[in-house]
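Read the figures in this text as sums done on the coordinates, not as results from a lab. These numbers come from a predicted model, not from an experiment. Note: ideal-geometry Cβ built from the backbone for every residue, glycine included; neighbour counts use all protein chains shown.
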């Protein structure tokens, strides 16, 4: 049961994506604390740093507790401004960069934005191509393009197929299509004909039926579509098809799209395309 509350700030001189991922990963290790987290990106000037300090100090006045601050700031002057505010300061760069300089026996560049610049034009084109493919083949559309797919995600409606395909495309450049198992196909208790010839590319998703019901009620609360009985039936039938066709599958209930993507890459033997 959550008994503590704490403000947390993630401050970066660029997008804050890297800092946010690491910060959330660290904070998740403290489930008894409810964190109110705010991301402050593009803090790349003294003026922006002062504005960030004002926000952090204001949070102290409201809660009476020093906020947790995670920072990825390359500029020493800007970092010093942030570090001197009324907070518990964790410099994510210093934690790793200084030891790396010693191990590599060379100085780091100390340049802003290197982790997210477009240094690989071919990789960028690959990711955009994969994204377009995922959108073009979403929800069983353009099945004639499945010969270009590296993986085809199969599952019932609202089991997480589309976001998983988009993540695989954006993060890994993988050409991922998805196909929904409909009522008529579930009743036959076998793979749809259109999938048979691509059986080696299939990967199934399942989900807890009660979680599926909750998702469907939030999205489209039709009586039969979002009923407990219907959700339980669809999941049972889908899993039976996976087992019968010997398709590898994962339960998406407690997994983030990042975890799903990484697991599918590992289990499916896929490689990053850039």
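Once fully extended, how much extra length lies between residue 32 and residue 274, figured as 0.36 nm per residue of separation less the alpha-carbon to alpha-carbon distance?
Numbers: separation 242, 0.36 × 242 = 87.12 nm, distance 3.97 nm.
The residue 32-residue 274 span can extend by a further 83.2 nm.
For the range 4-116, what is the largest minus smallest coordinate of the Cα atoms on each principal axis, given in angstrom and ordered from greatest to least?
The Cα atoms of the range 4-116 stretch 43, 32, 22 Å along their principal axes.
When the chain is fully extended, how far beyond the present Cα-Cα distance does residue 142 get from residue 189, taking 0.36 nm per residue of separation?
14.6 nm
When Cα extents along the principal axes in Å is calculated directly from the model, which label among (1) 46, 45, 34; (2) 66, 46, 30; (3) 56, 51, 32 fits?
(2)
For each of 272, 14, count neighbouring Cβ atoms within 10 Å of the residue's Cβ, then give the residues from fewest to most.
Lowest count first: 272, 14.
Can you tell me the length gained on complete extension of the stretch residue 15 to residue 58, counting 0.36 nm per residue apart and subtracting the Cα distance?
Answer, rounded to one decimal: 13.2 nm.
Among 200, 13, 208, what is the fewest-to-most ranking by other Cβ atoms within 10 Å? Numbers along the way, then the final one.
On the way: 200 8, 13 23, 208 15.
With the fewest neighbours first, 200, 13, 208 line up as 200, 208, 13.
Can you sort 186, 4, 26, 202 from fewest to most other Cβ atoms within 10 Å of each residue's own Cβ?
In increasing order of surrounding Cβ atoms, one gets 4, 26, 186, 202.
Just grab the label-to-label distance for residue 227 and residue 182, each label 7 Å out from Cα along the Cβ direction, in nm (one decimal).
2.0
For residue 197 and residue 132, what does the FRET efficiency come to when R0 = 25 Å and r is the distance between their Cβ atoms, rounded to the nearest 0.05?
Using R0 = 25 Å, I get an efficiency of 0.60.
Run through every distinct alpha carbon pair of the range 117-240 and return the Kirkwood hydrodynamic radius in angstroms, one decimal place.
Taking every pair of different Cα atoms in the range 117-240, averaging 1/r and inverting gives 15.3 Å.
Hey, with R₀ at 25 Å, roughly what FRET efficiency would residue 122 and residue 98 work out to, going by the Cβ-Cβ distance, to 0.05?
0.15
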